[in-house]
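The values are calculated or read from the model by the stated rules, or taken from the named source; none is laboratory data. Bear in mind the structure is a predicted one, so any value in this text is a computation, not a measurement. All Cβ positions, glycine included, derive from the backbone under ideal geometry; neighbour counts span all protein chains shown. In case anyone asks, the SASA skips ligands and DNA or RNA and just uses the protein heavy atoms, side chains included. Shrake-Rupley method; radii C 1.70, N 1.55, O 1.52, S 1.80 Å.
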Amino acid sequence: MRVGEGYFESVIFIMKGVFKLKQHQTNVRRELIAGLTSFFSIVYIIAVNANILKDAGIPLEAGILATVLSSLVGCLLVAFVANAPLILVPGMGINALFTYTIVGSMGLSYQEALGATVLAGILFVVVAFTGLSSLISKAIPASLKESISVGIGLFIAFIGLQKSGIVTGNPSHFVALGDLSAPLVLASIINLILTLFLFLKKVPGNFLISIILGTLVAWLFGIVDLGSFASASLSFQSYRDVWMSADLRHMASIPFLTACFSLVLVLVFENIGLVHSQVDGMLNAPEKNGKSLKAVSISAVACGLLGTSPTVSTVETAAGITAGGRTGLTSVTTGLLFLGALFFMPLIKMIPDAAIAPILIIIGGLMLTNITKIDFSDFSEAFPAFLVILMIPLTYSIVDGIAFGFIAYPLLKMFSKKREQLSISMFVISFLFLVNFLLQSVL
């Protein structure tokens, strides 16, 4: 036996033991294929998240590196803490909250937003490790939880339409249709059609392929200079200013606390639902639920230190599970592939808005499907949900949109003589949102 072969067999033996492959009725080959499948289904997040972080003031290169490292850390955590094949990457929706609400609307610097992420992550750890997650989840009505997802979906789609130039600002009536003859708009529309085709045909790695094709289409319209790729280099210089730059000096301020509270709210709601559906629904392994949520919470803290918005368990996890992933080896494989993606940083930096916007629009449309879970037959449930959905994109603030719905909910329940449907926790949260509005009007 050769030395290399012996080493390889030793590694396989260790992996089988650490991840209990035999107990989970799987093998190394199946887990590696599942990890590869998961990676190609979610790798688009590197370009998309980095471009969103760029709007918060984080340099593109730093955003790419932060996205890669946080995805690696998240995948390793869920692998070794829960031995589950979940994929943790910076989540769509919460990255929009980070950039366009906390930094854009509330006026925090990206360093302060990272500080809020660290603090929110710590609170999420407390929630995950003490069992408060189920208590909080039960306290918030399902209609409000689903409306947050729908509202954020509309917000993300709106951002995509703006990045594409299809929708532009207008001083007389807020927004208007963009110039359909502009190269950016034409390239974005063509890319949207291509992305929809790939998505509906369920082509593996559809979003990744659409980004590649979208970049080529943008090049044909003169938006991208492919010649710059030859001179591009791999540089981590800008990341030095972002890594460990979380600023907690103003953590007692109202905007900071509001940002932190909002992040915790979204983290808890989004991850409880996703982890439960994937671990219980797809894996049929309820015993891994609590451990998976703990891994996600620790990962959220790490994100604030690494320089990005929090990670979540993504819906793309389903691709890996469907491919046969049953253990943490799937997650380890995906995480290590993320690390390898750094060698393509010069190429990722060239990806234009015309290739990113269609993905944002489609993801927004996917999040809209949650509207079917809202009970519109009960107006005391439907109207607060409607306010959340309406106000998130119109105020360009996820926090303010959520606040309108949460403040309206107890009022409508009392007006409808359904006070027994209100919990003390719901009253407290609504009151906090109301106080935040009052303080904003006074200060």
ILE166 vs (1) open to solvent by 70 Å² or more (accessible area, probe 1.4 Å); (2) under 28 Å from GLY57 (Cβ atoms); (3) of a type in the set (Val, Ile, Thr): all pass except (1)
Here are some residues: GLN25, GLN111. Which one is over 15 Å from the mean Cα position of the chain (by Cα), open to solvent by 10 Å² or more (accessible area, probe 1.4 Å) and at pLDDT 95 or above?
GLN111
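Scan PHE256, PHE236, PHE207, PHE158 and give me the residue that is in contact with a helix residue (DSSP H, G or I) (Cβ under 9 Å, 6 or more places away or on another chain) and modelled with pLDDT under 90. Walk me through it before giving the result.
Values: PHE256 fails: modelled with pLDDT under 90; PHE207 fails: modelled with pLDDT under 90; PHE158 fails: modelled with pLDDT under 90.
So the residue among PHE256, PHE236, PHE207, PHE158 that is in contact with a helix residue (DSSP H, G or I) (Cβ under 9 Å, 6 or more places away or on another chain) and modelled with pLDDT under 90 is PHE236.
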How many of the residues in segment 291-340 are open to solvent by less than 10 Å² (accessible area, probe 1.4 Å) and of a type in the set (A, V, I, L, M)?
6
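Can you name the residue in segment 361-388 that is open to solvent by less than 20 Å² (accessible area, probe 1.4 Å) and within 21 Å of the chain's Cα centre (by Cα) and is also nearest to LEU412 (Cα to Cα) among such residues? Even if it seems obvious, please write down each step before you answer.
Within segment 361-388, the subset open to solvent by less than 20 Å² (accessible area, probe 1.4 Å) is 362-364, 374, 380, 382, 384-385, 388.
If we keep only those that are within 21 Å of the chain's Cα centre (by Cα) as well, we get 362-364, 388.
Numbers: ILE362: 33, ILE363: 32, GLY364: 28, VAL388: 14 Å.
Only one residue tops the list, namely VAL388.
Those residues that are on the phi < 0 side of the Ramachandran plot, open to solvent by 50 Å² or more (accessible area, probe 1.4 Å) and without any contact (Cβ under 8 Å) to a residue 60 or more places away in the chain, I need them from segment 389-420; list them, please.
LEU394, PHE404, LEU411, MET414, PHE415, SER416, LYS418, ARG419, GLU420
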Of the residues in segment 421-438 that are in contact with a Ser or Thr (Cβ under 9 Å, 6 or more places away or on another chain) and open to solvent by 50 Å² or more (accessible area, probe 1.4 Å), the one that is farthest from ALA385 (Cα to Cα) is LEU432
Is it the case that some residue within segment 76-89 is surrounded by fewer than 22 Cβ atoms within 10 Å (Cβ to Cβ), in a helix (DSSP H, G or I), in contact (Cβ under 8 Å) with a residue 40 or more places away in the chain and of a type in the set (Val, Ile, Thr)?
yes
How about segment 174-191: which of its residues are under 16 Å from THR215 (Cβ atoms) and hydroxyl-bearing (Ser, Thr, Tyr)?
SER188
Given the conditions (1) touching an Asp or Glu at 6+ places or on another chain (Cβ under 6 Å); (2) open to solvent by 10 Å² or more (accessible area, probe 1.4 Å); (3) within 13 Å of ALA341 (Cβ to Cβ), report the number of the one that ILE42 does not fulfil.
(2)
Evaluation of SER430 against (1) part of a helix (DSSP H, G or I); (2) without any contact (Cβ under 8 Å) to a residue 24 or more places away in the chain (one fails), failing number
(2)
Of all residues in segment 262-282, how many are open to solvent by 30 Å² or more (accessible area, probe 1.4 Å), farther than 30 Å from ASP400 by Cβ and in contact (Cβ under 8 Å) with a residue 24 or more places away in the chain?
1
I'm told GLY121 meets every condition in (1) closer than 16 Å to LEU263 by Cβ; (2) modelled with pLDDT under 95; (3) in a helix (DSSP H, G or I) except one. Can you identify the failing condition by its number?
(2)
